[in-house]
Amino acid sequence: MKNIIILASGSGSNAENIVKFLADTSNVKVSHILSNNVNAPVLLRAKNLNIKTKVFNKTEFNESGEVLKFLKKEQPDLIVLAGFLWLVPTDIVKAFPQRIINIHPALLPKHGGKGMYGAKVHQAVIENKESESGITIHYVNEKYDSGDIIFQASCKILPSDDADSVAQKVHALEYQHFPRVILALLEQQ
Ligand code: GAR
């Protein structure tokens, strides 16, 4: 049985979509959903999906090694950032080489970097009058949104679009592709 741990900071619709998709596979499961935000709706989704959760703070993530220790104990085959907003510290990146992936709601290298998440990304796409946006799934390194790209998919942006409608198009791409890319990566391991 392969084992995934998801890190999420907010709503968690991608986390839920991944859990539901993998429920139909016999050899992969999401063992835990971890969050840095005790009020994140993803924690309620996890409870409803019967997935174990763990909440951590900045010290446990960046300084005391508490989260690293937990991850080493659980030995996930893949750590999936699905709407997770903190930079992953070097000790965790180094402990899981090519084993941590992130989804970014734009076509990197455009519209990435510190502070670029969720609606802010879609707002930037509108302000720049882009004709397309999309999703990027990439390995995580020590810098925001700059690890090797694994997969991208794009959608057209129309003059009538606003940040909300772009978000909807991008979410649709995320739901369609993210679980399949995760499964493909696990099959290659
Ligand atoms: C997703 O669109 C994801 O790509 C984005 O946050 C959203 C989370 O939605 N991630 C980032 O912006 C990371 N820089 P969800 O909580 O409903 O899955």
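Note on region 1-104: enclosed helices (runs of 4 or more DSSP H) holding 2 or more residues that are among the charged types (D, E, K, R) and touching a helix residue (DSSP H, G or I) at 6+ places or on another chain (Cβ under 9 Å) are 13-22, 66-74.
Residue 121 falls short of the stated requirement of being more than 18 Å from the chain's Cα centre (by Cα), more than 30 Å from residue 75 (Cα to Cα) and either modelled with pLDDT under 95 or buried (at least 21 other Cβ atoms within 10 Å of the Cβ) (or both). Apart from one condition, residue 126 fits all of (1) within 15 Å of the ligand (Cβ to nearest atom); (2) of a type in the set (A, V, I, L, M); (3) open to solvent by 40 Å² or more (accessible area, probe 1.4 Å); the exception is (1).
Of all residue pairs spaced 6 or more apart or on separate chains, those with beta-carbon atoms under 9 Å, a first member in region 152-174 that is assigned to a helix (DSSP H, G or I) and a second member that is open to solvent by 30 Å² or more (accessible area, probe 1.4 Å) and among the hydrophobic types (A, V, I, L, M, F, W, C) are 163/119; 163/126; 164/119; 165/158; 166/126; 167/119.
The values are calculated or read from the model by the stated rules, or taken from the named source; none is laboratory data. Predicted model, so just to flag it, every value in this text is computed and none were measured. Cβ sites come from the backbone with ideal geometry, for glycine too, and all protein chains shown count toward neighbours. Heavy atoms of the whole protein, side chains included, go into the accessibility calculation; ligands, DNA and RNA do not. Shrake-Rupley method; radii C 1.70, N 1.55, O 1.52, S 1.80 Å.
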